[in-house]
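No value in this document is a laboratory result; all are computed from the given coordinates. Here the structure is a predicted model, which means the values were calculated and not measured. Cβ placement follows ideal geometry from the backbone for every residue including glycine, while neighbour counts extend to all protein chains displayed.
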Amino acid sequence: MTRPIHLALVWHMHQPSYRDPANGQLALPWVRLHATRAYFDMAWLLEQHPDVRASFNLVPVLVEQIRAYVAGERDRYWALSRKPARTLTTAERAFVLRHFFSVPVATDIRPRPRYWRLHQRQRDGRRQPADFSDADLRDLQVLFNLAWFGFGARAEYPLVEQLEKKGHGFTEDEKRKLLDLQIAVLRRLLPLYRRLAERGQIELTTTPYYHPILPLLIDSDAAARCQPQQPLPPRFAWPADARAQVKRAIDAHSDAFGAAPAGVWPAEGAVSPEAMELFARSGLKWTATDEAQLWKSLGAHREERDRYRPWRLAVDGGHIDVVFRDRTLSDLIGFTYARNPAAVAIEDLVGRLDAIRARNHRPDDDEPLLVTIALDGENPWEHYPESGRGFLEGLYAALGRRDDIVTVRVGEHLEAHPPRGQLETIHSGSWIGGDYHIWIGSAVENQAWGALGETRQYFARNAAGADPEAVEAAHRHLLQAEGSDWFWWYGDHFASENDEDFDHLFRAHLRAVYARLGGEPPTRLDRSLYPGRLRDETVPPKALISPRFDTAASTYFDWSGAGRLDLAGPAGSMYQAAHYFGRLRYGFDLERLYLRFEPLPEGPAPDLSGLVLRIRVRGRDDRIVELPLDAPAEGCVRRLGATSATPSAAEDPTDRPILGRVQHGTVELGVAFADLDLAVGEPAALTANLMRGKVTLERFPQHHDIEFTVPDAGFEAAHWTV
């Protein structure tokens, strides 16, 4: 009889410290807003499914800020939400108009007609704060906060759905009641997680206090092991700070939840031999990281089932157990399934679990396979319909019907099935790319590490003999500056509308170290690290192009003047590695739209067999072009059809001649504007989905559309440059 497969769901909950050292106040609202959605939703839903077990990792600095709200502290966004709209100053009105659309447009703004109309008006560059009435601003205050409420709070508090149904014309009293509900949810959070842990349904784990990349605190030169070609900053090696981050985390976790944690999720899954030794010496029993570290630790002597078993790593003075997440399954939940119907996504996930068991089961097995799915537990649900309720409820229900898939807490599994596999060492790296390049190695990141290192040296020189309270305060600011998030945003890979805020907070913590110890902060800490930073953007077409499809391959000159968009660079607050294409080029002549998807610059050409590229062009009507990617390399007939507002209502596409070529992982196509029902001068927008059957694997671009206007004969003259 085949043993059941054990499924460990590990949800990682994290926000950095948003407290401004300059005034001690909470500057940004993301702890409060995520609390009314993911933090409450995830625990609330598990309480409805008592047979499902999971592990939750709550970063101590997040717990600290939840407790601050419960104790009465508020952030600036909350204060500007609470303030009567008619009393907002011109500057405050501008702030609200700039920041209160900070929710995903597709899932949170567009479905709300009033919010969508305000969004469209706000995007009009001619609009000024004075163009928006008090009623406009009041509705915006309500809709921004309302959009962040998840399904748990909607089920518990009828006011939320009452305001949704009303949709506009909100009163100040309704707004105050809605904001009060946010605090009510925050008050329930930690007791709910503690209750679930005490009844044995979930395991609570921790992370070093301020979410640092711990191996880089111990010794930043550890990065040379996994990214030897990248320039590194002057060496930062302060293992005492790493020990402090771990000890403070264990103490804070014990205080909040009544018991010390057995498990630790290293920030960003970042591990090294030295970090593992520190965990073990601190009394932690197990940890988790990405499969990349397992494969690189095992080398050539490995097999797939190695991913589905726990491992024991011997360290000086003891050992620590390690589980490795299945990256594909984790990323499917984090990035892919949101774009698919819940039933399709659940069927796909359960089918993959069945396939894992079928491939890896052995008749003589006397221990179950352990599949670990570990990912961000807060950000994915912003992009799911209904904040992910349909997917999560359906998944938990499906798992409840299966006797051959058993959800487990990681520590529970390890107690019953101690690791038999032994690791001699562990690869230094993180859950992104198996290295630390997101946080160290780029010019701005290295500047930040240099500033952090100089400040740490100042602290070491001046802490001895200083007032103990001042030393503790300075040390706390230093530990906060060591958090991973500042370096995440400083890199070349990510950008957000809060970049200036993150830059300010990082430098403010460093300045506070000097100030607390009576020193004068260096003037360079008054200047932003961002000037001159390049951000990845869509480069629009500069000239007309007419690639030939009657030759074996196109040339550079066929696509010279085309627009381009890099697809491999992650965007937004979550990372998703590109798996198929690295760059999209697009352009047109007077008759056709042309697209070229290029493979990643490194590695073999992607396997496109069985995949379909689905191009959606939005003009007067939506049009869909489908390209089977395992077709011959020569130009051939493809499929094009019209669609109504939703793809599920699409008409049966008719075969029409679409220029196409698939060769060595590069996909090119050309489709006539006439077939897209587009005329000269008309605006349009396009997106592309890479499909396997009904499942969307990737979307290009990930978070927005490519907008263009059908060109006329004067296009090149209007875009002529030297």
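How big, on average over all directions, is the shadow cast by the Cα convex hull of segment 1-120, in nm²?
Working: hull surface 46.1 nm².
So the mean shadow area of the Cα hull is 11.5 nm².
Rounded to the nearest 500, what is the chain's calculated 222 nm mean residue ellipticity when only DSSP H runs of at least 4 contribute -39500 (n - 2.57) each, over all residues?
Numbers: 24 runs with 260 residues, N = 722.
Computed mean residue ellipticity for the chain: -11000 deg cm²/dmol.
Ordered by residue, what ³J(HN,Hα) values in Hz, to whole numbers, does segment 101-109 give under the Karplus form 6.51 cos²θ - 1.76 cosθ + 1.60, where θ = phi - 60° and Gly and Pro are x?
10, 7, 9, x, 5, 5, 9, 10, 9
Take the alpha-carbon centre of segment 218-249, take the same for segment 661-719, and report the distance between them in whole Å.
Cα centres, segment 218-249 to segment 661-719: 44 Å.
By counting other Cβ atoms within 10 Å of each Cβ, how are Thr328, Thr687, Thr407 ranked from fewest to most?
Details: Thr328 12, Thr687 16, Thr407 20.
Ascending number of Cβ neighbours within 10 Å: Thr328, Thr687, Thr407.
Work out, step by step, the length gained on full extension between Ala679 and Glu591: first 0.36 nm times the residue separation, then minus their alpha carbon distance; give nm to one decimal.
Full extension of this stretch gives 30.7 nm more.
If the chain between Arg527 and Glu73 were fully stretched, how many nm would it gain, using 0.36 nm times the residue separation less the Cα-Cα distance?
Stretched out fully, the Arg527 to Glu73 stretch lengthens by 160.5 nm.
Evaluate the relative contact order of segment 443-526 (contact order divided by residue number), counting alpha-carbon pairs under 8 angstrom at least 6 apart; express in whole percent. If you can, show how the numbers build up before the last one.
On the way: 71 pairs, mean separation 32.2, N = 84.
Taking the mean separation of contacting Cα pairs over the length of segment 443-526, I get 38 percent.
Report the Cα centroid-to-centroid distance between segment 21-40 and segment 406-446 in angstrom, as an integer.
28 Å
Can you bin segment 298-412 into rounded, prolate or oblate? Criterion: square roots of the alpha carbon gyration tensor eigenvalues sorted a ≥ b ≥ c, rounded for a/c under 1.5, prolate for a/b above b/c, oblate for the rest. If you can, show how the numbers build up before the last one.
Working: a/c = 2.09, a/b = 1.58, b/c = 1.33.
Taking the square roots of the gyration eigenvalues as a ≥ b ≥ c, segment 298-412 is prolate.
If each residue's Cβ is checked for other Cβ atoms within 10 Å, how do Val406, Val10 rank with the fewest at the top? Could the numbers behind the result be given before it?
Details: Val406 17, Val10 23.
Ascending number of Cβ neighbours within 10 Å: Val406, Val10.
Mind listing which trypsin sites (Lys or Arg not before Pro) in segment 230-263 are in a DSSP loop and have 16 or fewer other Cβ atoms within 10 Å? Intermediate results must be reported in sequence, preceding the final value.
On the way: sites: Arg235, Arg243, Lys247, Arg248; in loops: Arg235.
Answer by residue number: Arg235.
Note the count of lysine pairs whose C-alpha atoms are less than 23 angstrom apart in the chain, limited to pairs 8 or more residues apart or on different chains.
Lysine pairs, 8 or more places apart or on different chains, close enough: 9.
Residues with amide H under 5 Å of Arg564's amide H, sequence separation 5 or more or different chain, H placed in the peptide plane at 1.01 Å from N; which?
Distant-sequence amide H within range of Arg564: Val539, Tyr586.
In whole Å, what is the distance between the alpha-carbon centres of segment 460-482 and segment 279-327?
Their Cα centres are 35 Å away from one another.
To make sure I understand, if each residue's beta carbon is the centre and we count other beta carbons within 10 Å, what order do Trp559, Trp116 fall in, fewest to most?
Values: Trp559 19, Trp116 14.
Result, fewest neighbours first: Trp116, Trp559.
Once you have a ≥ b ≥ c as the square roots of the Cα gyration tensor eigenvalues for segment 202-326, tell me rounded if a/c is under 1.5, and otherwise prolate or oblate according to whether a/b is larger than b/c.
Verdict is oblate for segment 202-326.
Just checking my list (1) 1.62; (2) 1.05; (3) 0.99 against Cα Rg over 2.2 N^0.38 Å computed from this structure; which label fits?
(3)
Taking 8 Å as the Cα distance limit and 6 or more residues as the minimum spacing, I'd like the relative contact order of the chain as a percentage.
Rounded, it is 13 percent for the chain.
Output the antiparallel fraction of DSSP beta bridges having both residues in the chain, as a percent to the nearest 5.
Roughly 65 percent of the beta bridges in the chain run antiparallel, per DSSP.
Once you have a ≥ b ≥ c as the square roots of the Cα gyration tensor eigenvalues for segment 172-274, tell me rounded if a/c is under 1.5, and otherwise prolate or oblate according to whether a/b is larger than b/c. Let's see the in-between values first.
Values: a/c = 3.06, a/b = 1.86, b/c = 1.64.
It is prolate, given that a/c is not under 1.5 and a/b is the larger ratio.
Relative contact order for segment 271-321: what percent, with Cα pairs under 8 Å and sequence separation of 6 or more?
52 percent
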